[in-house]
Every structure is written in C-alpha cells, then in structure tokens.
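Participant: Please read through the structure below; I'll follow up with questions.
Every read-out reported here was derived from the displayed coordinates using simple, explicitly stated rules and does not represent laboratory data. Worth saying up front: this structure is predicted, and the values here are computed from it rather than measured. Cβ coordinates were reconstructed from backbone atoms using ideal geometry, including for glycine residues, and neighbour counts include every protein chain displayed.
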Amino acid sequence: DAGITQSPRHKVTETGTPVTLRCHQTENHRYMYWYRQDPGHGLRLIHYSYGVKDTDKGEVSDGYSVSRSKTEDFLLTLESATSSQTSVYFCAISYSAIYNEQFFGPGTRLTVL
Amino acid sequence: RKEVEQDPGPFNVPEGATVAFNCTYSNSASQSFFWYRQDCRKEPKLLMSVYSSGNEDGRFTAQLNRASQYISLLIRDSKLSDSATYLCVVTATGNQFYFGTGTSLTVIP
C-alpha cells in the first residue's frame, strides 16, 4: 500500500470553529488532492497541489483553503466550519496528473454540529 | 452534464454469476481510465487501469470504447468478497481526475 496517512481520522467540532486536516505521504509524489465524499455525490475535488506551494481550486473549494510547504504534507483548512461540511475527507496522491492512478489515504470522518 | 456517469445499481447477483458495469464519460479528450473498488467506510483502491486494447486481470476484464465514450468492467465467477462499490475514473487535461458516483454490487450466497 502507498504510504499515505491522514490525521485526525475522526473529528467532531462545532459550527464556526476552524479545523485543519493533515495528509502526509512518504512516496515523494508531486501531486496531492483533497476530496470530500457524500452520499449521492461521489468524490468531489476540493483543492489539489502540483508541487510545493503550488495549489489550485477544485469543484467545491468554497469555505476551504490548503497549504503545502513540504512535498510530503498537504493541509486542508476549514476556516469556519459549517454543518454542510460534515463529510468524509480523502487525501490522494499521484505521480503524474493524467497518466498515473491516484492512491488514497484512509479518510477523515468530520462531523460539524 | 456530469463528466462521468454510472448506473448506481444496486446489482445483487448470486455467487458464480457474471456481472458487467458500464460507465460513460463526456470529454472526448479524456486521457486515462481506471476502475476503483471501495468497501464500506474505506478508501477507494485501484482495481485496474483500462487500456485501449482492453485488459484482463484474473476474473476481471476492462474495456474502453473511445468512439462511444464508455468503459466497462466485467466480473466473472463472482465471489462474496467482490461485494463493494465500483467507481470509474477518467482523467483529462487540467490536472484533475473525474469520478463516477459508483455502482453498488452485492454478491449473494
């Protein structure tokens, strides 16, 4: 299995609080992605990174920000959590953007009350 | 229109049956194609890549039809352990992977 970890694995928080999720990889892959998965919607891209300090928005980026200061770490921040951000968050990595498969972390289950 | 569309199922089949899933994609410039498997409350895991000439891995066969813009997955001799959700994935220019919503398969004893 690819070396990807996510922390925390579960989190319950209150509306309005900031939350940061961490993705850590040991594969030295250039591309890293954050997705959320909700029933009926499948996996939706929030943000992705194509290198250190290089990030771009995905389909559902409103309310989220990201940072990548090292190759191995990609952080997702919910600036002020809302109940609509209750979801399962997956981090993924890939060697290239188009031709290589993605490998996923184990996911973070976030509940915003 | 969604980039990738799949029949959500569920597909309920007996052990030993053959089952096929299709997935259509909208972007004719799509580059790469994959099938992933996702077990309940787990992360998606790569099942197989899909090549233009079609490819087989044991009981699993994947096909690509660029003219009609669909990919397929055939599972022969279904096992109980094949019960999962199967996601098709398509890539195109723009650094993004596009996921279908998944097809649910339950293999019944």
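Participant: Take the Cα of A:LEU113, step 7 Å along the line toward its Cβ, and report every residue of the range A:64-98 whose backbone nitrogen sits under 15 Å from that point.
Facilitator: Residues passing the 15 Å test: A:82-83, A:86.
Participant: Okay, next question. At a Förster distance of 22 Å, what's the computed FRET efficiency of B:ASP7 paired with A:SER84, Cβ-Cβ distance as r, to 0.05?
Facilitator: E(calc), rounded to 0.05, equals 0.20.
Participant: Please list, by residue number, every one of the GluC sites (Glu not before Pro) in the range A:63-107 that is coil in DSSP and has at most 13 other beta-carbon atoms within 10 Å.
Facilitator: Passing sites in the range A:63-107 are A:GLU79.
Participant: Shielding by partners for A:86-94, please: the mean number of other protein chain Cβ atoms within 10 Å of each residue's Cβ.
Facilitator: Neighbouring Cβ atoms belonging to other protein chains average 1 per residue here.
Participant: Could you derive backbone 3J(HN,Hα) for the range A:52-61 from the dihedral phi with the Karplus parameters 6.51, -1.76 and 1.60 (θ = phi - 60°), listing whole Hz in sequence and x where the residue is Gly or Pro?
Facilitator: Rounded to whole hertz, the list is 4, 6, 10, 9, 8, 7, x, 5, 10, 8.
Participant: Here's something else I'd like to know. How would you classify the range B:27-109 from its alpha-carbon gyration tensor, with a ≥ b ≥ c the square roots of the eigenvalues: rounded for a/c under 1.5, else prolate if a/b is greater than b/c, otherwise oblate?
Facilitator: It is oblate, given that a/c is not under 1.5 and a/b is not larger than b/c.
Participant: Within the range B:29-54, list the residues whose amide N lies under 17 Å from a label point set 7 Å along Cα→Cβ of B:THR18.
Facilitator: Label zone hits: B:54.
Participant: Which of the three applies to the range B:24-73, rounded, prolate or oblate, going by the alpha-carbon gyration tensor with a ≥ b ≥ c and a/c under 1.5 meaning rounded?
Facilitator: Oblate shape, in that a/c is at least 1.5 and b/c is the bigger or equal ratio.
Participant: Short version: ³J(HN,Hα) in whole Hz for each residue of the range A:86-91, in order, from phi by Karplus 6.51 cos²θ - 1.76 cosθ + 1.60 (θ = phi - 60°), x for Gly and Pro, what are they?
Facilitator: 4, 5, 9, 10, 10, 9
Participant: Quick one: go through the range B:17-36 and flag any residue whose amide nitrogen is under 13 Å from the point 7 Å out along the Cα-to-Cβ line of A:SER96.
Facilitator: Residues passing the 13 Å test: B:31-33.
Participant: Run the simple label-point estimate for B:LYS42 and B:THR106 please: 7 Å along Cα→C-beta, distance reported in nm.
Facilitator: Rounded to a tenth, the inter-label distance reads 1.8 nm.
Participant: Around A:THR82, what is the net charge, scoring Lys/Arg as +1 and Asp/Glu as -1 over all other residues with Cβ under 12 Å from its Cβ?
Facilitator: So the environment of A:THR82 carries a net charge of -3.
Participant: Could you name the lysines whose alpha carbon sits less than 27 Å from that of A:LYS70, not counting residues in the same chain fewer than 8 places away?
Facilitator: Cα-Cα hits under 27 Å: A:LYS11, A:LYS53, A:LYS57, B:LYS42, B:LYS45.
Participant: In peptide A:28-35, how many Cβ atoms from other protein chains are near each Cβ within 10 Å, on average?
Facilitator: For peptide A:28-35, the averaged partner shielding equals 1.
Participant: Go through the protein assembly as shown and flag any cysteine with no other cysteine's C-beta closer than 4.7 Å, please.
Facilitator: So far as the 4.7 Å Cβ criterion goes, B:CYS40 stand without a partner in the protein assembly as shown.
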